[in-house]
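Student: Got a structure here, written out as structure tokens. Questions coming.
The values are calculated or read from the model by the stated rules, or taken from the named source; none is laboratory data. All of these numbers come straight from a predicted model, not from anything done at the bench. Cβ placement follows ideal geometry from the backbone for every residue including glycine, while neighbour counts extend to all protein chains displayed. When the accessible area is computed, the model is the full protein with side chains, heavy atoms only, and any ligands, DNA or RNA have been set aside. Shrake-Rupley method; radii C 1.70, N 1.55, O 1.52, S 1.80 Å.
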Amino acid sequence: MRFPEPVRMADDTGPVWARTRRRSGGNPIIGLLVTVLALFGALTAVLSIKEQSVAEGGAIIDGWISTAWNTVRGVAGETDAAAGEVGEAIGDAASQVGDAAREGAERVSDAASN
């Protein structure tokens, strides 16, 4: 089948292969998600070929994920403990400031009454 003229875009601006502008739009979050999923799929395929089994390749990835998850949970636990210690230190300091203020108020009251 022959075409008498080159294939043109719908708005008749020239041949399709001569288009210079990119399509506008598209959600960058969707693009990022698709990229991450494609990388995950490629990693799964490579490990499946290396281990000669999809299950063993998946087990390696599961090991990596569980190691990362446990590391994050450990860091979060350490952060919670540190926040608790800081909270206790702030409470002790506030108590000391309150005691000092009460003591100062008593001295002023005693000095005013004499």
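Student: Does any residue in region 52-70 that is under 20 Å from Leu37 (Cβ atoms) and of a type in the set (Val, Ile, Thr) come within less than 9 Å, Cβ to Cβ, of a residue that is in a helix (DSSP H, G or I) and open to solvent by 60 Å² or more (accessible area, probe 1.4 Å) six or more places away or on a different chain, and which pairs are these?
Tutor: Final answer for the pair search is Ile60/Lys50; Ile61/Phe40; Ile61/Leu43.
Student: Then there's this: Considering only residues of region 1-50 that are in contact with a strand residue (DSSP E or B) (Cβ under 9 Å, 6 or more places away or on another chain) and of a type outside the set (Gly, Ala, Ser), which is modelled with the highest pLDDT?
Tutor: Pro15
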